[in-house]
Amino acid sequence: MAKQKQRIIYNNYDHEQVKAYYRKKQEKKKKRKRRILALGLIVVLIVAFFISDFSKIQTITVTGNEKVSTEEIIAASKIKVHEDFTFFADLSEAKEAIEDTSLIKSATVSKNLFGDVTIKVVEADPIGQATINGVLHVISQTGRVIKDETGSLVNFVQRCPQISGFDEERFEEFSSEFAKLPTQVINQISDVHYAPENLVDTRCEFIMDDGKILYVLYDDMASQLANDNYSLIMERFPNQKYYDFCGKYVYAYN
């Protein structure tokens, strides 16, 4: 009897172990099913999100612009409302493209999780103007040339030096160097005339607000008039009218 009772106790214990094993196995299956179900639900939600309009750019706000239109800046960014996905919009590429636009000096582009893009720009000031082939050409302080075929920049260039005598190619060359001049020098220039002489085809004439006339080579003027060179020459020769910067030395005469 003792042996039979011992065997029954052993069998009961073994039976409980088997039940526990199958119970754990069932619980693991249920957990696995719940995980698969949850993962499937997440995938469905993600797919639904990207299919819906909520995953795409909703608005684009531009601030800081006065001379350049909001439409031009948005077009330059190449970001499209309700078309581009918020998470995949390339803001660095948009920033570079905007900064290559006409009178834009710098730009910052940001977005939030709701698909709102904000573009903040700092515009470059116009520093010179010329009419070539009937079209207004504006030099920005970055040295870029903007062809204003619509006349939208006319009111912004009234105080800029009037530049004449250049063709398209030479005006581009002149502009990149002109933007390197000190601001205090540019602000004193009234007119600029292209004035080649003999074999010197980069010579031009600056007519200053006080009536003084400077002859410079536009491919060398940035170094000749750098820093406070101009003001030092004026202090040294205050009563002269003509100043020739077209060589190694500066010649002042009446």
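The values are calculated or read from the model by the stated rules, or taken from the named source; none is laboratory data. Note that the structure is predicted; figures quoted are calculated from it, not measured. No Cβ is skipped: glycine too gets one built from the backbone with ideal geometry, and neighbour counts run over all protein chains shown. Heads up: the accessible areas ignore ligands, DNA and RNA and are worked out on the full protein's heavy atoms, side chains in. Shrake-Rupley method; radii C 1.70, N 1.55, O 1.52, S 1.80 Å.
Split the accessible area of the chain by element, probe 1.4 Å, and carbon with sulfur accounts for 54%.
Can you give the % of DSSP beta bridges in the chain that are antiparallel, to the nearest 5? Show your work: numbers first, answer last.
Numbers: 32 of 44 bridges.
Around 75 percent of the beta bridges assigned by DSSP in the chain are antiparallel ones.
Relative protection proxy for 86-92, 75-81, 103-109, from highest mean packing down: 103-109, 75-81, 86-92 (other beta-carbon atoms within 10 angstrom). With every protein chain in place and a 1.4 angstrom probe, the accessible-area ranking of Val68, Val43, largest first, reads Val43, Val68. For the stretch 157-239, the solvent-accessible area of protein heavy atoms averages 53 Å² per residue (probe radius 1.4 Å; ligands and nucleic acids excluded).
Partners of Lys31 within straight-line reach, counting lysines whose Cα lies under 29 Å from its Cα and excluding those fewer than 8 residues away in the same chain: Lys19.
Out of [x] 0.94; [y] 1.02; [z] 1.52, which label holds the value of Rg/Rh (Cα atoms, Kirkwood Rh) that was computed here? Label [z] holds the value from this structure.
I need to check one value: relative contact order of the chain, counting alpha carbon pairs closer than 8 Å and at least 6 residues apart, in percent.
10 percent
In the chain, helical runs assigned H by DSSP with n ≥ 4 each contribute -39500 (n - 2.57); averaged across all residues and rounded to the nearest 500, the mean residue ellipticity at 222 nm is -12000 deg cm²/dmol.
Database remark: amide H of Leu136 closer than 5 angstrom to the amide H of Asp148 (H placed geometrically; neighbours at sequence offset of 5 or more, or on other chains; Pro and chain starts carry no H).
Judged by the gyration tensor of its Cα atoms, with axes a ≥ b ≥ c, the stretch 12-143 is prolate; a/c meets the 1.5 cut and a/b is the larger of a/b and b/c. Filter Lys95/Lys180; Lys80/Lys111; Lys95/Lys147; Lys56/Lys80; Lys78/Lys147; Lys80/Lys120 down to the pairs with a C-alpha to C-alpha distance above 19 Å, please. In this structure, Lys95/Lys180; Lys95/Lys147; Lys78/Lys147 lie more than 19 Å apart at Cα.
Take each peptide in 148-155, 120-127, 31-38, count the other Cβ atoms within 10 Å of every residue, and average; sorted highest first, the result is 120-127, 148-155, 31-38.
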